[in-house]
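Notes follow once the structure below has been shown.
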Amino acid sequence: MPTVPPEHACFGRVFSIEATRPQPTEIVEMAAVLPAATPIYLTAVPTAVPDEIVTAAIALRKAGLEPVVHVAARRLPSAEVLQNLLGRLTGEADVRRLLVIGGDVEPVGPFPDALAVIQKGRLREAGIEEIGIAAYPEGHPRISRDRLEASLDEKIASAAAQGLRVHIVTQFSFSAQHILSWLRKLRAGGISHPVRIGLAGPTSLPQLIRFAKRCGVAASLRGLTSGTATALIGNIGPDRIIEALAAAGALGMIYPHYFSFGGAVATARYARRVADMTCAAGQAAAHS
């Protein structure tokens with residue numbers, strides 16, 4: 001690994017994981033590997049019903065992990081459904097954080113986008129204290145960069161007006177260059193909120209290419225298919241991106257956010273191993 005500046009001696013020690021429908025046995029296995037209170041983001045699966053979401057959040061809380069639930073604005077059929085879900089999440093699983101996203105479908109109810117949920121969803125009243133909002137270092141296939149930037153500003157301002165803390169969660173990328181360029185522009189624009197950097201956990205190259213196509217990370221996909229990226233990810237995870245972020249210098253509060261394409265438990269083990277190795281390398285560099 002490259003020399004790590006002292007202020008980044010333990011970059012990667014704090015991280016979060018995105019899990020899709022984690023089963024009870026997976027939650028137990030993750031809890032055995034991960035530090036207590038590690039945030040586990042429950043992906044917004046279109047077919048998931050409230051009982052399933054609440055049950056998973058309860059299991060994560062009981063296991064000593066921190067459930068963070070995705071809320072997809074356009075999939076909410078009514079404000080009542082949102083309030084009932086929030087009441088159960090806060091009351092039964094002590095959920096205090098959400099990731100509020102638009103959801104890539106036509107609206108089925110009164111919330112046309114994530115901003116509408118932040119403005120009108122009565123999140124603070126329901127007991128939510130903090131929200132994550134989405135960002136796209138490589139852009140969005142259907143939204144202009146100017147609109148993405150304006151939307152980020154609007155969501156941050158609206159959350160502050162509602163008394164909600166904010167962090168940013170990025171779409172996954174396979175390009176350290178794109179991530180760092182976007183981060184520097186974000187900080188130069190005066191946004192100092194914590195950022196959780198989306199990274200693909202360990203999985204196979206065909207699987208990564210499939211998800212990259214689905215999610216529109218075109219620049220990363222070109223790198224993946226060039227034949228030069230297999231050493232970067234392959235079956236081992238985003239090692240070089242982690243190294244680049246660790247060595248980048250002062251970029252504020254940034255943390256890895258792992259998408260568990262290869263499975264939640266495998267991703268948890270990988271994330272813990274990276275954290276331990278990065279801290280050890282950073283501490284050695286700081287004392288050398």
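The values are calculated or read from the model by the stated rules, or taken from the named source; none is laboratory data. Every value quoted in this text rests on a predicted model; they were computed, and no experiment measured them. All Cβ positions, even for glycine, are placed from backbone atoms using ideal geometry, and neighbour counts span all protein chains on display.
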Within region 122-161, residues being part of a strand (DSSP E or B) and closer than 19 Å to Ile254 by Cβ number 6
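Quick one: which of Pro67, Pro77 is in a loop (DSSP other than H, G, I, E, B), modelled with pLDDT of 95 or more and out of contact with any His (no Cβ under 9 Å at 6 or more places or on another chain)?
After ruling out the rest, the residue left standing is Pro77.
Can we say Phe172 is within 24 Å of Arg272 (Cα to Cα), aromatic (Phe, Trp, Tyr), outside any helix (DSSP H, G or I) and modelled with pLDDT under 95?
Details: within 24 Å of Arg272 (Cα to Cα): yes; aromatic (Phe, Trp, Tyr): yes; outside any helix (DSSP H, G or I): yes; modelled with pLDDT under 95: yes.
So Phe172 fits the description; yes.
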Considering only residues that are among the small types (Gly, Ala, Ser) and free of Cβ contacts under 8 Å to residues at least 40 places away in the same chain, look in region 65-84 and name the one that is surrounded by the fewest Cβ atoms within 10 Å (Cβ to Cβ). Ser78
Hey, among the residues in region 250-265 that are over 23 Å from Arg184 (Cα atoms) and of a type in the set (Gly, Ala, Ser), which one's nearest to the chain's Cα centre (by Cα)? Ser260
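Quick one: how many residues across region 8-21 are within 18 Å of Gly132 (Cβ to Cβ) and in a loop (DSSP other than H, G, I, E, B)? Step through it out loud before you land on a result.
Initial filter on region 8-21 (within 18 Å of Gly132 (Cβ to Cβ)): 14-20.
Going one step further and asking which of them are in a loop (DSSP other than H, G, I, E, B), we end up with 14-15, 20.
Going through region 8-21 one residue at a time, the tally reaches 3.
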Looking at Gly91, Gly127, Gly87, Gly121 in this structure, which one is buried (at least 19 other Cβ atoms within 10 Å of the Cβ) and closer than 30 Å to Leu65 by Cβ? Gly121
Taking region 94-106 on its own, how many of its residues are out of contact with any helix residue (DSSP H, G or I) (no Cβ under 6 Å at 6 or more places or on another chain) and either at pLDDT 95 or above or crowded, with 18+ Cβ neighbours inside 10 Å (or both)? 4
In region 1-15, anything at pLDDT 95 or above and either closer than 17 Å to Ala93 by Cβ or over 21 Å from the mean Cα position of the chain (by Cα) (or both) is listed as none
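Here are some residues: Ala244, Ala264. Which one is hydrophobic (A, V, I, L, M, F, W, C), under 13 Å from Leu183 (Cβ atoms) and either at pLDDT 95 or above or touching a helix residue (DSSP H, G or I) at 6+ places or on another chain (Cβ under 6 Å) (or both)? So that I can check it myself, show each step before the final result.
Details: Ala264 fails: under 13 Å from Leu183 (Cβ atoms).
Matching residue, one of Ala244, Ala264: Ala244.
Take Gly109 and decide whether it is surrounded by fewer than 20 Cβ atoms within 10 Å (Cβ to Cβ), on the phi > 0 side of the Ramachandran plot and either in contact (Cβ under 8 Å) with a residue 24 or more places away in the chain or in contact with a Pro (Cβ under 8 Å, 6 or more places away or on another chain) (or both).
Details: surrounded by fewer than 20 Cβ atoms within 10 Å (Cβ to Cβ): yes; on the phi > 0 side of the Ramachandran plot: no; either in contact (Cβ under 8 Å) with a residue 24 or more places away in the chain or in contact with a Pro (Cβ under 8 Å, 6 or more places away or on another chain) (or both): yes.
No.
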Out of region 42-55, which residues are buried (at least 18 other Cβ atoms within 10 Å of the Cβ) and over 22 Å from Asp104 (Cβ atoms)? Val54
Look at Ala31 and say whether it is modelled with pLDDT of 95 or more and closer than 21 Å to Ala134 by Cβ. no
